[in-house]
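The values are calculated or read from the model by the stated rules, or taken from the named source; none is laboratory data. Note that the structure is predicted; figures quoted are calculated from it, not measured. Heads up, the Cβs are rebuilt from the backbone with ideal geometry, glycines too, and the neighbour counts pull from every protein chain shown. For accessibility, only protein heavy atoms count, side chains too; no ligands or nucleic acids. Shrake-Rupley method; radii C 1.70, N 1.55, O 1.52, S 1.80 Å.
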Amino acid sequence: MPRHPGRTIAAVLLAAAAALTASAAPACAAPDPTALCALAQQSLEAGHLAQAAALYTQTADGNPSTCASVGLSLVAAHHQVAAQSAAAGQELLQAGDLAAAERKFREALAIDAENAEATAGLNAITARQQNLALSQWDLFYDRWVLPMTQLLTAAAILLLVLLTLSGLLSGVVVKVDSIAWPRPWRISLGVIGFLLLVGSALMFAIYQMFHPFDPGDISDWPADLTALVVFPAAVTVAAAWTHERHRVASEWESRGKTLMRLIRSWRPTFAGACTYWWRLLVPLVIIGGLGLLLRTVVLHDPRRQLLTTYAVLTLDGILLTAATFGQNLRLQVSVQSPDGENDPVATDYLLARVQDLGIDTPPMRLRAVTSSMHLSKIKTEDLSALPSGKIAAALSSIFFAIRPDLTWRVRAAIMDDNRITVTLTRNGRHAESDIFSRAELFLPLSKGQEARERAKAQLLTGAAAVTLLRLSRAHPRLRDQLCGATAWRSVTLQVIATSRSLIDDPDLRTALLARAVDEDPGNVLARVDHLWALQDATPHDSAAYRQLAEEADDQFDDIKAFCPDALVIRALYRSASQWINSFVVSGRSDKHALGLAEKRVEELESACEDVDTNDMDLLTLAKQIRPIGKAMRHEIKALTDVRSDRHSFMESSPAPRLAYEYARLAGLDRRSHPMSKRTALRYLRIALPTEALRAEARKDPCLRALHDSEEYQELTATASTFVDLPVFDSCRPKLVEAGLSAPTDFLFRTATTRQRAVLAEYLDISPVLVERFVQIAQLTQLHDRLDCAAALGLLVACGIDSPARLRLEFARDKDTLFEALRDANRDGPRIQEIEDVESWLPDAVSTAAAAQRSRRGRRAADLVGRLL
């Protein structure tokens, strides 16, 4: 290449210009020798020797001069120098010094740009470099890539075979009822077993391909002795520790106490451990002992001794890995519909229930926190489902059959709308089976599509409880979230009773919770839920309410011992709330209730501050409850006549539950300052979006100071029409759509048994519930005052939901009935129709009795007519 490409271009341009000038000039005009000589010199310096020689020759022809002769001599000298450099480059190229040859060729081209030998030499260098790169890659591929690929492929195939064998043996090594080792032990021994398998696979391939060492050069150290002593000892200690720590399912203690008991009673403990893990310990001892015997007594050939060591370590790796696989928590779920096909929707629901058993929508109450808890600690990555479709399910079954880390399988078969069977296997062996029906759980039979879907969800919830309780027996860490529960029926009943998506009948909810406690008295969560349900149905000013509050507080020791921190926070919040209410109901005279309220609020704030920062759900709950606890502390100050800095801590746009606490706080101002009332009403507008919340606010004793306010009465207004009653919440839209919002229309369309059955099917509810609706509608026909939906709703809230019930309560003790209705009316906005209930309720009872006699007369006449 020319050393000065700019000069080359300039020389070419000047030469072209000179040629054009010469051709355009008159024939008689001769070119300027000086200009031609300058152009030739530039071409010479640029390495264009042929062009420079032509210009020098033209200069000599026109006017012989020293410039021309000297220039031609320089051209010849440059040709000679370039030829010498090219020749030197060829010699270096033949010698293999490509870098030096390239330098010589470029020097030649810098002097003579048209040197063909130098150009050919550079092309030869480029081709040789490409060939060299290819040959080096071929050499690297042959020496490294191909052997390593063969090595790793062979090792991977052998490792896969060994892992599959470990998975198939997990059912033999691990008994169905064995308790999983603690996680550190399981991981440690599992890693050792896996490394032994990896080493066995690699060593097999490496030794067969490369023979890297001579067996005779290896030290005669018996590795079998280590396998014989270390591995069985480690397994025995892990099993003994597990057996002693979780000897009783409901027992929990610190690691230090476990170690002390292990030392004191090591003989029965190790005996119990060997009972559960003899299938692993015996093969380990036999393999190690047999290997040691072969190496030291029978075999003397180094190759055979090495092969024996290899076999012993490989078999130990298989056994340890099989034991680790057999204790995994990996779970596969499948649900079959009554026709025998896999049901993907039900499978997904069961998966979600197994992982989040206990999680559901909180109840729509302001002064209570849902006790619905996250009972499961199973991680998402531990769950899988059998795919839908016959071919996919069949192929997946084959794959999962040899998958080594998939330990548990759950198959739920829905027999019909009310029965289900649940089968669990562990490592391919049957672990547990249960068959149950909704009738056994005291749930009503399902009729209608919506009821059938709910019944299906209830059955799958029971299947999830069966699964979780069985897994907790093998994996003790799952017991931490079960709140002391050991019976799956108790867990099922408790979860159904506290899940709004599974049940909406308050009376049935309380009955299910009572049954859950009967099934398992150790289920702390069921006990607490049952007490809370009874308390919610009890008037705040009754002695029974206080007794239930004290019994609920007596559960705190068990709550703190067996339940997660989330339930502790919720229980403290509810306890503080109920004791504040008790103090207000007592006319601010019950100092014991006030002291308990102060104690619970202090414990609540402390619990919210000391939460585990690694638990995001707990952190979220603490973040929600912390400002509520602060508001409750100021409520106590307001109750004790301590001014609380004009409530400057209140947030401007609080959440509804926090806004309700602010309203309570403002409503407790003993001075009845107008600003406090306005503040309370402002927060109540945020906190009361639904009828259920308004009903809760009407009963709150801390808001009694606001009852005379018209704005409060508007905010907490009761039902204005027949179907606005809370009992119609689940089917109100369909009733309005069907034109049954008035009681007369409702009674007209439900006069016969056939009409009621049709309405039950339309509303997708039980005919029993339709019959209750009819009885409530019949109450409106007893007196004009019961046309008022608010008065009717108050009677229903007091348990008077039929004419027969009204007659019964009136006949039993009418004065008690009047007093109960007036007390209920005082707890909320005044209902004028209830103020003078003594004046019209006897007439309603008389009308009900007359209607009953008329119905009996018609039935008697019909009977006589049929007989005649």
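Would you work out what percent of the accessible area of region 447-593, with all protein chains in place, is carbon or sulfur (probe 1.4 Å)? Taking all protein chains in place, region 447-593 shows 48 percent carbon and sulfur surface. Taken one residue at a time, the phi angles of region 116-125 give Karplus couplings (6.51, -1.76, 1.60, θ = phi - 60°) of 5, 5, 5, 4, 5, x, 5, 5, 5, 5 Hz. Gly and Pro are set to x.
Global dimensions of region 761-804 from alpha-carbon coordinates: Rg and Dmax equal 11.2, 32 Å. In region 537-669, the alpha-carbon atoms span a convex hull of 119 Å³ per residue.
If R₀ is 45 angstrom, what is the calculated FRET efficiency for the pair Leu152 and Ile435, using the beta carbon separation as r and rounding to 0.05?
Result of the calculation: an efficiency of 0.35.
Averaging the Cα positions of each part gives two centres, and for region 741-806 and region 550-609 these lie 40 Å apart.
Pairs with C-alpha atoms separated by more than 23 Å, drawn from the list Lys560/Lys623; Lys637/Lys677; Lys591/Lys677, are Lys591/Lys677. With both labels modelled 7 Å from their Cα along Cα-to-Cβ, the Asp557 to Arg678 distance reads 5.2 nm. Describe numerically, in nm with one decimal, the distance between label points set 7 Å from Cα along Cα→Cβ at Leu307 and at Gln129. Rounded to a tenth, the inter-label distance reads 5.5 nm.
Summarising the amide proton neighbourhood of Ala485: residues at separation of 5 or more, or on other chains, whose placed amide H is nearer than 5 Å comprise Val524. Each Cα pair under 8 Å and six or more residues apart adds its sequence gap; the mean of these over the residue count of region 33-173 is a relative contact order of 18 percent.
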